[in-house]
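The structure appears right after this line, and notes come after that.
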Amino acid sequence: MRSFEALLMEYYLPLKHLHMLCAFLSATLFIGRLLLDVTGKPQWRHSPLRRLPHINDTLLLTLAFTLLAIGPWQPFTHQWLGFKILLLLGYIGFGVGALKQSLAVPTRTICALLALAQLAGIFYLARFKPVLFL
Ligand code: HEM
């Protein structure tokens, strides 16, 4: 009979692929909303595009913490993961700023650039899992 751990690990890869799908969708939806604002179409806020990213991001994070719970990774042991979580906080904060209509355009532009840089960092850390400090 297989152990409970072995059974859980069977779910690991499909859950990771779902997490990756949500990650790519999250990036696409964020960049898409930025582009709509840049091209003078802020009306997306009155379409399903207002709620869809929140639903996707909730799923992305739920899957992320499920992977943590059943997989071998620990944020204080595996530095790429710890830094990924830190960058995620920045991505959320600057991402909110970038889409906030009440902020001045230069502020929003800086927020957008910082959010995109942190998103790129998240993908890099996830993909290559570098050892940052020995
Ligand atoms: C915007 C947020 C996030 C993005 C864009 C993202 C992206 C990704 C990607 C692309 C992978 C697949 C890497 C590969 O094997 O090629 C991945 C894996 C993973 N992510 Fe995330 N992720 C995000 C948030 C998180 C968070 C917050 C956590 C933890 C709390 C997390 C935990 C993990 C884990 C444990 C894996 C599996 C690593 C492995 O088994 O190879 N992710 N993520």
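Just so you know, all these numbers are worked out from the coordinates, no wet-lab data involved. Model, not experiment: these values are computed from the prediction. With ideal geometry, Cβ positions are generated from the backbone for all residues, glycine too; neighbour counts draw on all protein chains shown.
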For Ala6 and Met20 in the same chain, what is the full-extension length gain: residue separation times 0.36 nm, less their Cα-Cα distance, in nm?
-> 2.8 nm
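Could you work out the local net charge near Thr109, counting Lys and Arg as +1, Asp and Glu as -1, over the other residues with Cβ closer than 14 Å to its Cβ?
On the way: positive: Lys100, Arg108; negative: Asp37.
That sum, taken over residues with Cβ under 14 Å, equals +1.
Based solely on its DSSP helices, what 222 nm [θ] is calculated for the chain when runs of n ≥ 4 H residues each add -39,500 (n - 2.57) and the sum is averaged over all residues, nearest 500 deg cm²/dmol?
-26000 deg cm²/dmol
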Around Pro53, with a cut-off of 15 angstrom between Cβ atoms, what is the net charge of the other residues, counting Lys and Arg +1 and Asp and Glu -1?
-> +3
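Would you please put 29-38, 104-113 in order of how densely packed they are, using the mean number of other Cβ atoms within 10 angstrom per residue and starting with the highest? Intermediate results must be reported in sequence, preceding the final value.
Numbers: 29-38: 16.0, 104-113: 13.8.
For the peptides 29-38, 104-113, the packing ranking is 29-38, 104-113.
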Just how many pairs of Lys in the chain have C-alpha atoms closer than 28 Å, counting pairs that are eight or more places apart or on different chains?
-> 5
